[in-house]
Each structure stands twice: as C-alpha cells, then as structure tokens.
1. Residue check, residue 75 against (1) surrounded by fewer than 16 Cβ atoms within 10 Å (Cβ to Cβ); (2) in contact (Cβ under 8 Å) with a residue 12 or more places away in the chain; (3) in a loop (DSSP other than H, G, I, E, B), all met but one. Which one?
2. Please state which of the following conditions residue 44 fails to meet, knowing it meets all the rest: (1) farther than 19 Å from residue 96 by Cβ; (2) touching a residue at least 24 places away in the same chain (Cβ under 8 Å).
3. Can you tell me how many residues in segment 78-89 are of a type in the set (A, V, I, L, M) and either assigned to a helix (DSSP H, G or I) or surrounded by fewer than 18 Cβ atoms within 10 Å (Cβ to Cβ) (or both)?
4. List the helices (runs of 4 or more DSSP H) inside segment 1-72, counting only whole elements, that have at least 2 residues being farther than 22 Å from residue 88 by Cβ and aliphatic (A, V, I, L, M).
5. Out of 92, 20, which single residue is in contact (Cβ under 8 Å) with a residue 60 or more places away in the chain and surrounded by 12 or more Cβ atoms within 10 Å (Cβ to Cβ)?
Amino acid sequence: MTKVLFVCSGGMSSAIVVNTLKKEAEKHGQALEVKAIGSSEVAAELENNWDVVMVAPQIKHRFDNIKKEADAHGVPCGPIPPQAYTPLGGPTLLKTLQELVK
C-alpha cells in the first residue's frame with residue numbers, strides 16, 4: 001500500500017480529489033492510504049512514514065518549503081497539476097503519483 005500525503009491550504013478542499021485518486025487507483029488494483037492536511041502540519045506529519053507528498057496547486061507558492069521538509073525525511077514530493085486537481089482528474093493524478101514514487 002502506498003501512503004500519500006496531500007498538502008493543501010487547510011486540508012479540506014482536497015477531500016473530493018482524494019476520493020477521486022483512491023477510486024482511480026482501485027480501478028488499477030492499487031491500494032492507497034491518502035491523508036489531506038494543511039501546509040502547517042507537514043513537518044509533524046512527515047514523522048509518520050509517508051511514501052510521497054503531493055502539493056495542491058493553490059499553495060504552489062509554499063512548494064519549495066514543503067519540498068525541503070520532505071527531502072529532509074527522504075520522501076519524494078511533487079506538485080499536483082491544476083488539471084488533475086478536479087473530480088475528473090483521477091487518471092492524471094494517478095499518473096503524477098506513479099511518476100513520483102518510481
């Protein structure tokens with residue numbers, strides 16, 4: 001099971017996108033644990049052995065700081081493309097995730 005940490009501004013707006021990603025992964029026989037958090041929670045949450053961090057488009061201005069935290073924990077980190085951050089973005093989102101955890 002791949003553990004995915006979604007980071008957005010407050011952890012709330014990602015709920016629909018998280019469900020979209022989980023459904024897309026299930027279609028491909030992939031099991032995911034996905035948690036959405038606010039950007040202020042990243043440092044503490046990285047202590048919990050996540051496999052990858054994905055950063056929402058609305059906080060791309062914080063990406064460099066979040067990536068530094070993830071790098072310090074040896075966790076791959078990447079931005080979520082805006083076109084994937086929608087209820088219909090499942091295929092693009094899953095592809096982005098797969099590229100990050102290669």
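1. Evaluating residue 75 over (1) surrounded by fewer than 16 Cβ atoms within 10 Å (Cβ to Cβ); (2) in contact (Cβ under 8 Å) with a residue 12 or more places away in the chain; (3) in a loop (DSSP other than H, G, I, E, B) leaves (1) as the failure.
2. (2)
3. The first filter runs over segment 78-89 and keeps only residues of a type in the set (A, V, I, L, M), leaving 80, 84, 88.
Imposing the further condition that a residue be either assigned to a helix (DSSP H, G or I) or surrounded by fewer than 18 Cβ atoms within 10 Å (Cβ to Cβ) (or both) reduces the set to 84, 88.
So the count comes out to 2.
4. Correct list: 42-45, 63-72.
5. Working: 92 fails: in contact (Cβ under 8 Å) with a residue 60 or more places away in the chain.
Exactly one residue qualifies, and that residue is 20.
Where a number appears in this text, it was derived from the coordinates with a stated rule and is not lab data. All values derive from a computational prediction rather than experimental measurement. A quick note on method: Cβ atoms are made from the backbone with ideal geometry, for glycine too, and the neighbour counts reach across all protein chains shown.
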